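The structure appears right after this line, and notes come after that.
The values are calculated or read from the model by the stated rules, or taken from the named source; none is laboratory data. No experiment lies behind these values; they were computed from the predicted model shown. Note that we place each Cβ from the backbone using ideal geometry, even for glycine, and neighbour counts take in every protein chain shown. SASA here: full protein model, heavy atoms, side chains in, ligands and nucleic acids out. Shrake-Rupley method; radii C 1.70, N 1.55, O 1.52, S 1.80 Å.
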Amino acid sequence: MNGADLFLPILIAGMVIGTALLVVAVVKTVRHHGWGQQRWAPSAVPWFVAGFIVLVAGLVAAFTVANGA
């Protein structure tokens, strides 16, 4: 397998895991504040951060592998 063959699976895995972490953060925020509040629940902040890091890392990893670096 070359890098181009691994691009899509890495991208999909990163996006699915990142999205799942963000969903956990949103659910924690809604349970803490209810709908309509414009701030994060303190217990959800690590989940938001982890979700965004995984999304960015998955994107970077997919493009790095695809470009052969």
* Structure fact -> Exactly one of Ala41, Ala66, Ala20, Ala61 is modelled with pLDDT of 85 or more, surrounded by 16 or more Cβ atoms within 10 Å (Cβ to Cβ) and aliphatic (A, V, I, L, M), and that residue is Ala61
* Within the set of pairs 6 or more residues apart or between chains, which connect a residue that is closer than 22 Å to Leu55 by Cβ inside the range 23-42 to a residue that is open to solvent by 40 Å² or more (accessible area, probe 1.4 Å) and among the polar types (S, T, N, Q) with Cβ atoms less than 7 Å apart? -> Lys28/Ser43
* Structure fact -> Gly34 vs (1) more than 21 Å from Leu8 (Cβ to Cβ); (2) open to solvent by 40 Å² or more (accessible area, probe 1.4 Å): all pass except (2)
* Structure fact -> Residues of the range 48-69 being farther than 23 Å from Ala25 by Cα and not β-branched (Val, Ile, Thr), in sequence order, are Ala61, Ala62, Phe63, Ala66, Asn67, Gly68, Ala69
